[in-house]
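Undergrad: Below is one structure. I have some questions about it.
Each value in this text was obtained by applying a stated rule to the coordinates, not by laboratory testing. Since this is a predicted model, take the numbers as computed values, not measurements. Here the Cβ positions follow ideal geometry from the backbone for every residue, glycine too, while neighbour counts run over all protein chains shown.
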Amino acid sequence: KVLVTSNGGVRWSELVPLPGWYIGEYDFSSDTEGFATARPPSFVKTAVFATTDRGRTWMHRSDLPFAYDPFFPYLAQSVLAVSSDEVWVGTS
């Protein structure tokens with residue numbers, strides 16, 4: 001789980017791109033803009049989500065160009081957000 005606080009740790013909220021999706025790797029390119037990989041419970045795909053408000057809300061940016069296969073499980077392993085236009089996703 002990834003948690004976020006905006007009041008010094010008094011209250012925490014879980015970062016969830018969409019209800020039912022699991023957040024994976026994430027990185028922030030600035031104080032407010034960030035990117036995360038996420039997948040639904042079915043594990044049939046992995047998507048990239050973006051935030052511009054420190055993780056309070058997330059927008060679907062794109063699906064990654066590979067499908068999950070149980071015999072060849074390509075999974076997102078890392079995210080490097082260089083800028084709001086350049087994001088690198090490392091896979092297995």
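Undergrad: Between Ser83 and Phe28, what is the label-point separation in nm under the 7 Å Cα-to-beta-carbon projection?
TA: Calculated label separation equals 2.0 nm.
Undergrad: Counting Lys and Arg as +1 and Asp and Glu as -1, what is the net charge of the other residues whose Cβ lies under 12 Å from the Cβ of Val89?
TA: -3
Undergrad: Can you give the local net charge around Thr46? Use residues other than it whose beta-carbon is closer than 9 angstrom to its beta-carbon, Lys and Arg +1, Asp and Glu -1.
TA: +1
Undergrad: Multiply the residue gap between Phe66 and Thr91 by 0.36 nm, knock off their C-alpha separation, and tell me the result in nm, one decimal place.
TA: Full-extension gain reported as 8.0 nm.
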